[in-house]
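Report on the structure given below.
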Amino acid sequence: MPVSLGMPAAPPPVLAPRRKTRQIKVGSVGVGSDHQVSVQSMTTTQTTDINSTLQQIAELTAAGCDIVRVACPTQDDADALPIIAKKSQIPVIADIHFQPKYVFAAIDAGCAAVRVNPGNIKKFDDKVAEIARAANDAGTSIRIGVNAGSLDRRLLEKYGKATPEALVESAVWEASLFEEHGFRDFKISVKHNDPVVMVRAYELLAERGDWPLHLGVTEAGPAFQGTIKSATAFGALLSQGIGDTIRVSLSAPPVEEVKVGLQILQSLNLRERKLEIVSCPSCGRAQVDVYTLAEEVTEGLKDLTVPLRVAVMGCVVNGPGEAREADLGVASGNGKGQIFVKGEVIKTVPEDQIVETLLQEARRIAAESGIEEGADGQDPAQGSPVVTVS
């Protein structure tokens, strides 16, 4: 009999219903209000290095990434796209700047979508009709990606800088051109490095049309700063129901972007929660080393793919209550810990056995849950999947 884990059977509550949008497809992934919010990242390899790029895509896929973007600044990169698009396990978006010819190359290569930056492509507006026709014929969607750092010069002159209004005006104008040519399979982003400006831009854009929106704080920064910026901005928008796909931009390995993005969505109940560690911040009442316990439990269970709430608590004030409410927990004190499973104390162990006991019980619960570990296609015993091209 499968074990019932601590995640609610009914749909969990969210802060606001999703904003209604039109629906588009990025390969096999639906984007829009009828679909879950998807998580994207971008490879950091040279696209011309096909093996390395596919290897990184495989690692991103194993981490839970839904859609991946690859840079295409040169003809050699464009030449690599057909193999990458064919062999990737998840939809591939080609990222195009400056040269409109690579937009057509990406469409011909079978990429699921193409990101275009109107501010960086010379005479882009003159190419919209041709791009729309080619994309429509191939079933390729488009992202109109407006960035504060590459805003059209005319709009910078008009507004003085990349204001929310300037970003939105650029996006709405380009959207109108595509729609004028009968093409509607696109999503829009209006990215800025300042979360306050970015949030306001998306709020304004959401009022102007029913386009699906790709959320991002561009150049968010190193891992810690970028995580805070992204979580703040995405939380503000997703809590209003605004946002259909997200990319966390970090100066860090792209897998970290995916982890942060998934955690943001899980925290807002927009994705099923997986491993959740509930741990106290510690204080003068703590009688065990809570920091070390929480870190070691988190590290020991990092490959667990089933939904599991684990409470690691350091004193008798909130410890028993939190441990009792979790799937698995420990309430610690006086150098020992009471181990709870589904609200019941099953044993008391010395402090030096707490981590080992929690890990054993977590794996037992996972095994009895009927949900196979590694259901994401990755064998935890084998590490990251490997892809090569001969």
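The values are calculated or read from the model by the stated rules, or taken from the named source; none is laboratory data. Predicted model, so just to flag it, every value in this text is computed and none were measured. Cβ sites come from the backbone with ideal geometry, for glycine too, and all protein chains shown count toward neighbours. Calculation scope for accessible area: heavy atoms of the full protein, side chains included, ligands and nucleic acids excluded. Shrake-Rupley method; radii C 1.70, N 1.55, O 1.52, S 1.80 Å.
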Exercise. Is it the case that the range 164-187 has a residue that's open to solvent by less than 10 Å² (accessible area, probe 1.4 Å) and in a strand (DSSP E or B)?
Worked result: yes
Seminar exercise, completed: Gly235 fails exactly one of (1) within 20 Å of Ala62 (Cα to Cα); (2) part of a helix (DSSP H, G or I); (3) open to solvent by less than 40 Å² (accessible area, probe 1.4 Å); (4) not β-branched (Val, Ile, Thr), namely (1)
Seminar exercise, completed: Scanning the range 338-390 for residues that are modelled with pLDDT of 90 or more and part of a loop (DSSP other than H, G, I, E, B), the one farthest from the chain's Cα centre (by Cα) turns out to be Gly343
Exercise. Within the range 256-307, how many residues turn out to be of a type in the set (S, T, N, Q), at pLDDT below 85 and open to solvent by less than 50 Å² (accessible area, probe 1.4 Å)?
Worked result: 2
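Farther than 30 Å from Lys191 by Cβ, crowded, with 17+ Cβ neighbours inside 10 Å, aliphatic (A, V, I, L, M) and in contact (Cβ under 8 Å) with a residue 12 or more places away in the chain: does that describe Val248?
Criteria not met by Val248.
Please give the helices (runs of 4 or more DSSP H) falling wholly within the range 33-147 in which 3 or more residues are under 19 Å from Ile246 (Cβ atoms) and either of a type in the set (Phe, Trp, Tyr) or open to solvent by less than 10 Å² (accessible area, probe 1.4 Å) (or both).
Details: elements: 50-63, 75-87, 101-109, 124-138.
No helices (runs of 4 or more DSSP H) qualify here.
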